[in-house]
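> Pasting in a structure now, in C-alpha cells, and then I'll have a few things to ask.
The values are calculated or read from the model by the stated rules, or taken from the named source; none is laboratory data. Please read these numbers as outputs of a predicted model, since none were measured by experiment. When we count neighbours, we look across all protein chains shown, and the Cβ atoms used for this are built from the backbone with ideal geometry, even at glycine.
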C-alpha cells in the first residue's frame, strides 16, 4: 500500500474508534438515565438532599437544620417537609399545613400553631414545644415521643391516636405518663 492510502486507512480506523467510543458513552448515559428514572419515586425531602434554607415555604421543602426564628408562615403549606433540627422558635404557623412533616428535634418553642394548624401524621419526635401555642391544632396520628410540651397550650387540640412516650414532657412539666398523650 502506498503511504497516502495507509494514512487514509489509519484515519478511517481512528474515526471508527472515536465513533464507537461516542456510541458506547451515549449508551452508558442512556442506561444511567433509565436506571435513575426506573428507581425514581415521588419527590420527597430527605436527609440525603441538602437543605435549602433560602427556599420558599412549600410542600416537600427541605429546611433541615435551617435557622428561621420568628418566621411568618401564616397558612404555609409544608406537607411532607423536612424540618428536622430546624429552629422555628417563635414562628407564626397559624392555619399552616404540616401534614406528615418531619419536625424531629426541631425548636418550636414559643411558636404559634393555632387556628387548626394541621400536624396530621407529623413526626414531632424530640421537638421543643416549650410555651408553644397549639390551641385547636390537629395532631391526629402525630408522633410526640420525647417531645417537650412544657407550658404549651393544647386547649382544644385534637390528639387522637397521637403517640407519646414516658419521655414526653407534658404541659405541666411532668413525664412518665406512658404512651397516652395529654388531653
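> Considering only segment 131-144, state which residues are surrounded by fewer than 19 Cβ atoms within 10 Å (Cβ to Cβ) and over 14 Å from residue 157 (Cα atoms).
Filtering segment 131-144 down to residues surrounded by fewer than 19 Cβ atoms within 10 Å (Cβ to Cβ) leaves 131, 135-136, 140-141.
131 - this is the single residue of segment 131-144 that is surrounded by fewer than 19 Cβ atoms within 10 Å (Cβ to Cβ) and over 14 Å from residue 157 (Cα atoms).
> Can we say residue 152 is out of contact with any strand residue (DSSP E or B) (no Cβ under 7 Å at 6 or more places or on another chain), modelled with pLDDT of 95 or more and closer than 26 Å to residue 52 by Cβ?
Numbers: out of contact with any strand residue (DSSP E or B) (no Cβ under 7 Å at 6 or more places or on another chain): yes; modelled with pLDDT of 95 or more: yes; closer than 26 Å to residue 52 by Cβ: no.
Taking the combined requirement at face value, the residue does not satisfy it.
> Filter segment 127-166 down to residues that are closer than 21 Å to residue 89 by Cα and not in a strand (DSSP E or B), then give me how many there are. Lay out the reasoning, then the answer.
Here is the first cut: in segment 127-166, the residues closer than 21 Å to residue 89 by Cα are 127-139, 142-155, 157.
Imposing the further condition that a residue be not in a strand (DSSP E or B) reduces the set to 127, 129-132, 134-137, 139, 142, 144-147, 149-152, 154-155, 157.
Within segment 127-166, residues that are closer than 21 Å to residue 89 by Cα and not in a strand (DSSP E or B) number 22.
> In this structure, is residue 56 without any contact (Cβ under 8 Å) to a residue 60 or more places away in the chain, in a loop (DSSP other than H, G, I, E, B) and under 27 Å from residue 167 (Cα atoms)? Please lay out each step first, then the result.
Numbers: without any contact (Cβ under 8 Å) to a residue 60 or more places away in the chain: yes; in a loop (DSSP other than H, G, I, E, B): yes; under 27 Å from residue 167 (Cα atoms): no.
Criteria not met by residue 56.
> Next question. Looking only at segment 76-122, which residues are surrounded by fewer than 22 Cβ atoms within 10 Å (Cβ to Cβ), in contact with a strand residue (DSSP E or B) (Cβ under 7 Å, 6 or more places away or on another chain) and either without any contact (Cβ under 8 Å) to a residue 12 or more places away in the chain or under 19 Å from residue 168 (Cβ atoms) (or both)?
Selection gives 104, 109, 120.
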